[in-house]
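This report refers to the structure that appears directly beneath it.
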Protein chains: 2
Amino acid sequence: MARTPRNTLSPELIVRTALELMESRGTDAFSLRGVAAELGVGPMALYTYFRNKDELYDAVRDHLMGLLPAVPGDAAWPDQVRAVCRSLRLLMLQHPCLAQLLAGRPLSGHETARVAEGLLGVLRAAGFDAETAARTHTTLFTYVLGSTSWEIQMAAERRDPEAWRRLRASMESLSARDFPSVVELAPELARTTGGDEQFDYGLDLLLAGLQLRTPA
Amino acid sequence: MARTPRNTLSPELIVRTALELMESRGTDAFSLRGVAAELGVGPMALYTYFRNKDELYDAVRDHLMGLLPAVPGDAAWPDQVRAVCRSLRLLMLQHPCLAQLLAGRPLSGHETARVAEGLLGVLRAAGFDAETAARTHTTLFTYVLGSTSWEIQMAAERRDPEAWRRLRASMESLSARDFPSVVELAPELARTTGGDEQFDYGLDLLLAGLQLRTPA
DNA sequence: CACCGTACTATACACTGTACGTTATGAACG
DNA sequence: CGTTCATAACGTACAGTGTATAGTACGGTG
């Protein structure tokens, strides 16, 4: 048999290949067999390094989280928070698979912890008590996750002409009698499904609310 | 052949059965073949009523959205907004599959539009301009979606003893030197992964920020 | 050289969604 | 009542999936 030599594989190599495939062919079409084929190896070879598909997902997620820049040290805390949230969003936009990886699995891994550490450190340094810092961290994280996932989802929809056409059609089929606001605000709704402005709008609402609670 | 009589199926019946299966066996284990088996019918019978799995998903989602109560008419707008967000969260908690149905597919369907209509109506009545109303709607929706999805995800994790044990272990393996804040705030972080308080905390931040922009 | 752990292979199983072609049935009509 | 016809449900088949299990050959160690 054409047996591939030993030690050609490694967790890092597998993760890199998996990431490439997710980005080139889409997260939904991703499969272990695809990764194995790309590496010129049988599907079961991957099980030497990862117990199952989910563990590989976790590894890819942690790898991506490692790409996040450190928190800027020389800024007021609201700007630091903004920076953290924006870089996470940016990373998710650059690697759309990250949205699904974050949504579908619990957080774990050192790189992921590093990100949490950065944000929590900023909040503690700003003087927030433990409970408020933790609550704020969760709130900010879920906001970034939810709003950016949504943005990615809608952008993908817009790229598929068939799906997009049907979405427009179902929008326009709404009667102005039953749905006056939706119909009236349709253009604005279409415009606010994503983009930096939309993201910053929500983030600023959160930060404004948070600043009202600034500790003495 | 034991042929089931005609007209035993209907979109409503299929949707109800699909929903039951998603809730009893979990959304991930859901399959068209499972629905067909439950209905005592071949898998292909469903294709008479739905073009594919995604269309069935959409129908189930819209069915669930129809369960949302109307916006209370006799309250100040911040309380109305709060009510809408809370009922959506509650519905998601009662039907955990809704989180995945909302996250994975674009919005469409009349019931879904009805919900948007309610929230947009409140915001317009409060005096916000078209753009702000649309932005606020998107922000609130993605916040509820993100934070509640996260809560459901974590709750599911906690029910699986194996996954939960590993999560705790990876938490405790973090060195207090490299991750001082995460380690110090571990109990608070564990406590803020869900619950009404956590949800309301973020919602109040948003509403507080929003009230600063209340139109004259 | 012999040995052994292990990195990889091969085979197999139980599934999935769904394309395709067929068949029987309930309603409509002469 | 008998015939026709659209179509609801059928069976078969295909190309996939993740992964359990068992086998094989290679690299490093005695």
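The values are calculated or read from the model by the stated rules, or taken from the named source; none is laboratory data. If you're wondering where the values come from, they're calculated on a predicted model, not measured in any experiment. Note that each Cβ is placed from the backbone with ideal geometry, even for glycine, and that neighbours are counted across all protein chains shown.
Residues that are assigned to a helix (DSSP H, G or I) and among the charged types (D, E, K, R) were ranked within region A:190-216; the one that is farthest from the other protein chains (Cβ to nearest Cβ) is A:D196.
Just one of the numbered conditions (1) assigned to a helix (DSSP H, G or I); (2) more than 8 Å from DNA strand C (Cβ to nearest atom); (3) of a type in the set (D, E) is not true of B:D74: (1). If I ask for residues that are facing chain B (nearest Cβ under 7 Å) and over 21 Å from the mean Cα position of the chain (by Cα), which ones from region A:112-131 would you list? Listed by number, the residues that qualify are A:G121, A:R124, A:A130, A:E131. B:H63 meets the conditions (1) out of contact with any Ser or Thr (no Cβ under 6 Å at 6 or more places or on another chain); (2) near DNA strand C (Cβ under 10 Å from one of its atoms); (3) in contact (Cβ under 8 Å) with a residue 12 or more places away in the chain; (4) assigned to a helix (DSSP H, G or I) in every case but one. The failed one is (2).
Please find, within region A:1-59, the residue that is nearest to DNA strand C (Cβ to nearest atom) out of those that are aromatic (F, W, Y) and part of a loop (DSSP other than H, G, I, E, B). Looking at the filtered set, the residue picked out is A:Y49. Can you tell me which residue is farthest from B:H95 (Cα to Cα) among those in region B:16-51 that are within 13 Å of DNA strand D (Cβ to nearest atom) and among the charged types (D, E, K, R)? Looking at the filtered set, the residue picked out is B:R51.
Here's a check for you: in region A:1-15, which residue that is at pLDDT 95 or above and surrounded by 12 or more Cβ atoms within 10 Å (Cβ to Cβ) is farthest from DNA strand D (Cβ to nearest atom)? Taking the candidates together, the pick is A:L13. Checked against (1) in contact (Cβ under 8 Å) with a residue 60 or more places away in the chain; (2) within 13 Å of chain B (Cβ to nearest Cβ), A:P96 passes all but condition (2). Put simply, of A:L210, A:L185 the only residue that is in contact with a Phe, Trp or Tyr (Cβ under 9 Å, 6 or more places away or on another chain), among the aliphatic types (A, V, I, L, M) and modelled with pLDDT of 95 or more is A:L210. Put simply, of B:A163, B:A155, B:A83 the only residue that is more than 8 Å from chain A (Cβ to nearest Cβ), part of a helix (DSSP H, G or I), at pLDDT below 95 and out of contact with any strand residue (DSSP E or B) (no Cβ under 8 Å at 6 or more places or on another chain) is B:A155.
Scanning region B:16-50 for residues that are loosely packed, with under 13 Cβ neighbours inside 10 Å and either of a type in the set (D, E) or in contact with a Ser or Thr (Cβ under 7 Å, 6 or more places away or on another chain) (or both) turns up B:E20, B:D28, B:G40. Here B:G109, B:G73 are screened, and the one residue that is surrounded by fewer than 21 Cβ atoms within 10 Å (Cβ to Cβ) and at positive phi is B:G109. Against the condition free of Cβ contacts under 8 Å to residues at least 24 places away in the same chain and at negative phi, how does A:L140 come out, does it pass? So A:L140 fails the test. Take the conditions (1) in contact with a Lys or Arg (Cβ under 9 Å, 6 or more places away or on another chain); (2) within 14 Å of chain B (Cβ to nearest Cβ); (3) away from DNA strand D (no atom under 13 Å from the Cβ); A:D54 misses just one of them, which is (3).
So in region B:134-152, with the set limited to residues that are within 14 Å of the chain's Cα centre (by Cα) and at the interface with chain A (Cβ under 7 Å from one of its Cβ atoms), which one is farthest from B:R114 (Cα to Cα)?
For region B:134-152, the residue satisfying everything is B:W150.
Taken over region B:169-181, the criterion of being assigned to a helix (DSSP H, G or I) and loosely packed, with under 12 Cβ neighbours inside 10 Å is satisfied by B:A169, B:E172.
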